[in-house]
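Contents: one structure, followed by commentary.
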Amino acid sequence: MSVESTQRRVLTVLIAVVVVSIVPGVGAAQSGVGDSTVIESGESVSDVSGVYGVIIIEGTVTGDVSGVAGNIVVRNGGVVEGDFEAAAGNIRIAGTVQGTVSTGAGSIYLTESGLVEGDFDVGAGDVRIEGTIREDAQIGAETIRLGEAQAKSAATHR
């Protein structure tokens, strides 16, 4: 193989890498250690894992979210297609988690727009549920607060 042919192949690979990195779509996994990671609205990544100060999901995670963070937020419109396994100071789910949520946190808040399609297995100092949990919930907490609709549903399942 000639030097010119090798250089051409290397240049082709470099151009492909640059094009793939600037075209929106499913990206590689977000993993590492740092201050924060944000999956922007319209962005899609395969997984999120690591140790961060803050994890914010506005776009789509096609796999799992796992890690440790000061705060983890799944914003309204954000989607986690896999499981959500994390330890954090505060967790707020206003979007959708299609898998199981297994977390430990200081506080966990499933907002009115929040949806967990799998099981909800959590331990926290404070748990507030106003959204929807489709499967089973196992909650260990000092304080559990249910929204009005969830309190009525819990009362009918006794």
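Bear in mind these aren't lab numbers, they're just calculated from the coordinates by the rules spelled out. Nothing here was measured: the structure is a model prediction, and the numbers come from that model. Virtual Cβ from ideal backbone geometry, glycine too; neighbours counted across all protein chains shown.
The Cβ shell under 10 Å around residue 138 holds other residues with a net charge of -3, Lys and Arg each +1, Asp and Glu each -1. Extension gain for residue 112 to residue 51 (0.36 nm times residue separation, less C-alpha to C-alpha distance): 19.2 nm.
Between the residues 125, 88, 63, the greatest Cα displacement towards the positive end of the dipole of the stretch 25-156, with unit charges on the Cβ of Lys, Arg, Asp and Glu, is found for 125. Counting only other residues whose beta carbon sits under 14 Å from that of residue 86, what net charge do I get with K and R as +1, D and E as -1? Net charge around residue 86: -4.
Stokes-Einstein at 25 °C, 0.890 mPa s, Kirkwood radius from Cα pairs: D for the stretch 74-132 in µm² s⁻¹? Estimated diffusion coefficient is 226 µm²/s.
Amide H contacts of residue 137 (H built 1.01 Å from N, in plane; Pro and chain starts excluded): 120 sit under 5 Å, all sequence-distant by 5 or more or on other chains.
Local charge sum around residue 77 (other residues, Cβ-Cβ under 15 Å, Lys/Arg +1, Asp/Glu -1)? Here the charged neighbours net out to -3.
Over all alpha-carbon pairs in the stretch 58-158, figure out the percentage whose distance exceeds 25 Å. Cα-Cα pairs in the stretch 58-158 separated by more than 25 Å: 10 percent.
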